[in-house]
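Scroll down for the structure; my scribbles are underneath it.
Readers should treat all values here as calculations from the given coordinates under stated rules, not as data from a laboratory. Computed from a predicted structure; not experimentally measured. Positions of Cβ are generated from backbone atoms using ideal geometry, with glycine treated the same way; all protein chains shown enter the neighbour counts.
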Amino acid sequence: MQPEAPEYEQSSTARVLPPVQPRKLAKVPFVELADGRLQGVVSSGSDIARVYVSSVEAGSHDYSCSTNNNRPCGGAGSYGTCKHVDALITEAVVQYGLRPVARYLRVELPEEGEPGAWELRRAMNGTLNRTEAAVVFSRFLHHLSYLELPVSTSPMVELNWFPAAGVTA
Amino acid sequence: MLGTHVSALLGAESAGAVEALELVDGFDATLVHGLARLDAERAGAVTALAGAFAASPLGERVAEAAAKVTAGAVAEDALIALAGARTALLGAVHDDLIATLDAAIGRERAAWAGENGKAGEADNLLSGCRAWLAELAIAGWRGVESDLVSGGSQAVEALYAKPDRRGLAVLLDGLAAELTAGSPLSTMAPLPSRRWADLWARGMMLSAADSLPGEPEEVSGRLLVLGLELQEHATVVRAQIHGVLETAAGKRLVRTGVAAGKTDTIVGPQVWSLLAGFPVLLGAVAEKKALELTGMTLLPGGDLVWDEEKAKPGEAVDPFATARLQLGEAVAPSAAPLERHPVRIAEPVFLQGYGHAAGAFVIDGHELPVALDRLPTAGPLTAALVASSTECVGLLRWDGRWFLQPLAVRATVKKATVDVHIGDWAMGPTDPKVAKALAKADAVAVLRERAGRLLRK
Ligand SMILES: [Zn+2]
């Protein structure tokens with residue numbers, strides 16, 4: 001639903017970010033819509049020390065998948081995406097919702113019915129176009145680094161601008 | 001709160017506040033389009049903002065800044081002066097609202113005893129933040145693109161290394177995330193212009209001056225918990241506890257809080273495990289116990305700097321009894337001058353004997369809006385419970401209008417009376433179904449494992 005202007009424009013606590021839906025993180029610990037891509041990190045099913053960096057570009061829907069050491073993923077080829085890219089799309093839909101992901105990737109979804117991740121996946125016909133894994137991987141490490149920050153007992157007046165959002169009634 | 005209180009609160013009108021907010025809106029519109037491209041109307045808004053300070057000590061500096069900016073010379077010191085002017089206007093609106101509130105509900109408030117802010121020391125970290133905020137103001141929200149948003153990330157990251165700059169780091173991180181989420185900003189509609197200008201101005205003030213908390217005092221006594229509210233954005237969660245502090249000097253309203261870093265994927269009841277390092281504080285909140293404090297630091301703005309070592313759990317005390325019996329006698333603190341802003345108002349109140357309307361409590365025919373969108377998914381308090389409640393402990397807040405943010409309710413569920421507090425789950429969810437689901441998909445554990453394996457390689 002579109003918020004009402006000017007009430008929204010003149011609110012100090014207008015909500016900008018949609019609530020993130022909880023999802024299981026074991027398979028895909030990191031997903032983001034950034035730098036014109038849906039991108040993220042997918043844990044390897046066989047080697048706990050290995051992760052794959054997968055992405056889909058908005059507009060072209062070109063995809064990429066390689067290990068964090070920049071070795072190409074054997075599953076991603078010119079004929080189609082690998083299971084990592086598929087898992088990335090599925091989890092992004094859980095986290096952000098189908099329509100926001102489709103809007104970001106510029107995918108046309110049928111207005112009618114209740115399309116799912118499968119329809120989203122089918123509407124994309126990009127090809128393999130490898131991108132550098134390092135940038136996304138370092139963003140993932142930065143993301144994880146927030147869990148390493150020391151706890152704080154300082155008063156933070158600033159957080160009055162950030163009340164925890166509930167489920168909208 | 002009685003009907004007469006609500007009526008006095010909602011009925012108060014202040015021409016001064018309306019005028020101040022119009023000046024604020026005018027200035028905020030200049031930030032939407034950028035100070036580099038001021039048309040006549042928006043240049044007029046900058047001049048009008050400065051005009052409001054003509055007779056004040058700030059006057060000369062703000063007038064000079066407005067003259068520079070409208071002439072196209074958008075320098076950092078001019079932006080700091082304008083941010084200061086906007087902050088002072090909202091500070092005046094805050095003071096006006098607080099005066100209305102105190103008069104309406106009969107709250108006694110201590111005068112501000114601390115010092116005012118002073119100019120900050122030269123600090124490379126802060127100059128990086130100021131430079132970024134200046135660039136945002138020059139470009140205007142509509143002109144901000146992803147490179148400019150990420151341009152601030154290094155400065156923000158460096159801030160996290162300094163514990164005393166955590167508030168600023170968290171603020172700028174939150175702003176950057178919203179700018180990213182709103183992109184493309186050239187077409188975002190509607191755009192949260194007051195909110196972003198608030199965050200911008202607060203960031204500018206924090207990176208330009210040290211908001212001195214004033215002379216702290218050491219307090220010993222009993223802290224009676226009224227309730228807990230949760231504050232969060234993608235990378236932070238903070239539990240803020242409101243209570244009554246009983247010392248030899250009398251009863252005072254105080255707050256205390258604990259915060260931790262998080263990721264956007266840690267949501268709902270998962271956040272409590274990030275605060276597991278505060279079992280004395282959060283244990284007392286969850287178990288409804290008083291806290292015995294010995295020599296804990298209290299800042300003049302009413303914030304206790306929490307220290308687990310200086311607190312012990314005391315006897316069981318019902319927060320509803322505290323709200324009913326102690327709230328009327330407790331003296332409220334005054335906010336530090338630089339921190340005065342309507343968004344900061346969060347006055348604990350107790351309500352009973354009200355009726356219900358859609359999204360509001362009705363007291364003697366007066367409707368007080370209830371913020372049902374502020375019932376965090378991390379806690380057990382739901383809109384349905386609020387709608388069937390007979391008593392409520394909450395915070396009076398203001399964002400364009402007065403409203404109540406519930407912290408706890410007493411409600412009738414299946415003919416039984418139940419008390420439900422947001423803080424009931426502060427030591428982890430007490431609902432076995434929720435606890436079981438949480439154990440099955442423990443986001444914090446998964447991410448900590450990933451961090452352990454990948455971060456320190
Ligand atoms: Zn792959």
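All C-alpha to C-alpha distances of the stretch B:1-142, sorted into 5 Å bins beginning at zero, yield P(r) values of 2, 9, 16, 18, 16, 13, 10, 8, 6, 2, 0 percent in whole numbers. Counting 0.36 nm for each residue step from B:ALA181 to B:ASP96 and taking away their Cα separation leaves a gain of 27.2 nm.
Under 5 Å between amide hydrogens, built in the peptide plane, is the criterion, and for A:ALA164 it picks out B:LEU230, B:GLN231, B:GLU232 among residues at least 5 positions away or on other chains.
Judged by the gyration tensor of its Cα atoms, with axes a ≥ b ≥ c, the stretch A:121-169 is oblate; a/c meets the 1.5 cut and b/c is at least as large as a/b. Within 10 Å of the Cβ of each residue in B:229-237, the mean number of Cβ atoms contributed by other protein chains is 6.
Computed from Cα atoms alone, the Kirkwood hydrodynamic radius reported for the protein assembly as shown is 25.8 Å. Expressed as a whole number of Å, what is the distance separating the alpha-carbon centroids of the stretch B:1-62 and the stretch B:372-435? The distance from the Cα centre of the stretch B:372-435 to that of the stretch B:1-62 comes to 35 Å. On full extension, the segment bounded by A:GLU7 and A:VAL135 gains 42.2 nm, given 0.36 nm per residue less the C-alpha separation.
The HN-Hα couplings worked out from phi for the stretch B:401-418 by the Karplus form 6.51 cos²θ - 1.76 cosθ + 1.60 (θ = phi - 60°) are 7, 6, 8, 10, 9, x, 10, 7, 9, 10, 9, 10, 10, 6, 6, 10, 8, 10 Hz, whole numbers, x standing for Gly and Pro.
Antiparallel beta bridges, as assigned by DSSP with both residues in the protein assembly as shown, represent about 95 percent of the total such bridges. The mean count of C-beta atoms from other chains within 10 Å of the C-beta of residues in B:270-283, rounded to a whole number, is 1. Evaluated with a Cβ-only charge set (Lys, Arg +1; Asp, Glu -1), the stretch B:61-170 carries a dipole of roughly 80 debye about its Cα centre, given to the nearest 20. Over 30 Å between Cα atoms: which of B:LYS262/B:LYS289; B:LYS288/B:LYS414; B:LYS414/B:LYS436; A:LYS24/B:LYS162; B:LYS251/B:LYS288; B:LYS162/B:LYS289 fall into that group? From the list (B:LYS262/B:LYS289; B:LYS288/B:LYS414; B:LYS414/B:LYS436; A:LYS24/B:LYS162; B:LYS251/B:LYS288; B:LYS162/B:LYS289), the Cα-Cα distance tops 30 Å for A:LYS24/B:LYS162; B:LYS162/B:LYS289. Computed from the Cβ-Cβ distance with R0 of 35 Å, the FRET efficiency linking A:LYS83 to A:VAL151 stands at 0.40. Put a plus charge on the Cβ of each Lys and Arg, a minus charge on the Cβ of each Asp and Glu, and nothing anywhere else: the dipole of the protein assembly as shown about its Cα centre is then about 2020 debye. With the gyration tensor restricted to C-alpha atoms of chain B, the semi-axes of the equivalent ellipsoid amount to 37, 27, 22 Å, longest first.
Take each residue in B:171-184, count the other chain C-beta atoms within 10 Å of its C-beta, and the mean is 3. Of A:ALA92, A:ALA26, A:ALA123, the residue with the greatest mean-square motion in the GNM of chain A, using alpha carbon springs below 10 Å, is A:ALA26.
Amide H contacts of B:ASP364 (H built 1.01 Å from N, in plane; Pro and chain starts excluded): B:GLY355 sit under 5 Å, all sequence-distant by 5 or more or on other chains. Placing unit charges on the Cβ atoms only, positive for Lys and Arg and negative for Asp and Glu, gives the stretch A:21-149 a dipole magnitude near 300 debye about its Cα centre. Model label points for B:ALA357 and B:VAL413, set 7 angstrom from Cα along the Cα-to-Cβ axis, are 2.8 nm apart.
For the stretch A:16-169, the C-alpha radius of gyration sits at 1.14 times the compact-globule guess of 2.2 N^0.38 Å, with N the residue count. Only one residue of A:ASN68, A:SER138, A:VAL85 has its Cα farthest out toward the positive end of the dipole of the stretch A:59-165, where Lys and Arg carry +1 and Asp and Glu -1 on Cβ, and that residue is A:ASN68.
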